[in-house]
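S.K.: This is the structure I have questions about; it appears just below.
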Amino acid sequence: MGEVKEVKLLGMWASSYCKRVELALKLKGIGYEYVEEDLSDKSQMLLQYNPVHKKVPVLIHNGRPITESLVILEYIDDNWKTSPPLLPQDPYHRATFRFWANFFDQQGFPGRSEIIKAN
Ligand SMILES: N[C@@H](CCC(=O)N[C@@H](CS)C(=O)NCC(=O)O)C(=O)O
């Protein structure tokens, strides 16, 4: 029987939101199983684990889903205390991190429809 990884990532190759999570997992040295999603034909697993937004990335840890890339980054940092930390420890610097990360996300980087149109 194959090894069952406790961490699974539902992602899509062209998504910067997914890359951000993959980078965090790699920086922390966390082993994970990657599952590529076809956003034009979403899997039952994606619809089940992210019923609100139906978007990637979704991190599944011990069967429990975490969605939204910034939420996932904070979860990874809280759950795996191994270095390097992803977020600063100082509350002011954490707030600044959240501001700029949200600012970046609000700049309208391509979502599903734009990516599908481009391909
Ligand atoms: N705010 C979300 C954005 C995630 C997102 O927009 N994902 C896109 C891929 S880049 C997606 O799954 N789109 C599917 C859809 O719009 O139906 C996050 O930070 O995780």
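S.K.: In a GNM of the chain with a 10 Å cut-off on Cα contacts, which of Glu37, Glu22, Glu74 has the highest mean-square fluctuation?
M.R.: Ranking Glu37, Glu22, Glu74 by mean-square fluctuation puts Glu74 first.
S.K.: Percent of accessible area on the range 7-86 owned by carbon and sulfur, 1.4 Å probe?
M.R.: Carbon and sulfur: 55 percent of the exposed surface of the range 7-86.
S.K.: So what J values fall out for the range 66-75 if you push phi through Karplus, 6.51 cos²θ - 1.76 cosθ + 1.60 with θ = phi - 60°, rounded to Hz, Gly and Pro as x?
M.R.: Coupling constants for the range 66-75: 10, 10, 6, 4, 6, 5, 5, 4, 5, 4 Hz.
S.K.: May I pose another question? Take the chain, connect every pair of alpha-carbon atoms lying under 10 Å apart with a spring to form a Gaussian network, then pick out the residue of Tyr75, Tyr92, Tyr34 with the largest mean-square fluctuation.
M.R.: Tyr92
S.K.: Select from Ser16, Ser69, Ser40 the residue whose mean-square fluctuation is largest in a Gaussian network model of the chain (Cα-Cα springs shorter than 10 Å).
M.R.: Highest fluctuation of the listed residues: Ser40.
S.K.: While we're on this one: If the convex hull of the alpha-carbon atoms of the chain is projected onto planes in all directions, what is the mean projected area in square nanometres?
M.R.: Mean projected area of the Cα convex hull: 8.4 nm².
S.K.: Fully extended, how many nm does the chain gain between Val52 and Tyr92 (0.36 nm per residue separation, minus their Cα-Cα distance)? Can you show the working numbers first?
M.R.: On the way: separation 40, 0.36 × 40 = 14.40 nm, distance 3.05 nm.
Full extension from Val52 to Tyr92 adds 11.3 nm.
S.K.: Let me ask something else about it. Go through the range 87-96 residue by residue and turn each phi into a ³J(HN,Hα) via Karplus (6.51, -1.76, 1.60, θ = phi - 60°); whole Hz please, and just put x for glycine and proline.
M.R.: 9, x, 7, 5, x, 5, 5, 5, 5, 5
S.K.: Near the amide H of Glu33, under 5 Å away, which other amide H atoms are found, from residues 5 or more places off or on another chain, if H is placed in the peptide plane?
M.R.: Val7, Lys8, Leu9
S.K.: While we're here: Give me a comma-separated list of calculated 3J(HN,Hα) values for the range 58-63, in order, Karplus coefficients 6.51, -1.76, 1.60 applied at θ = phi - 60°, integers in Hz, x for any Gly or Pro.
M.R.: Per residue, the Karplus-derived 3J(HN,Hα) values read 10, 9, 10, 10, 6, x Hz.
The values are calculated or read from the model by the stated rules, or taken from the named source; none is laboratory data. Keep in mind that this is a model prediction, so the values were computed, not measured. The area values use the complete protein model at the heavy-atom level, side chains included, leaving out ligands, DNA and RNA. Shrake-Rupley method; radii C 1.70, N 1.55, O 1.52, S 1.80 Å.
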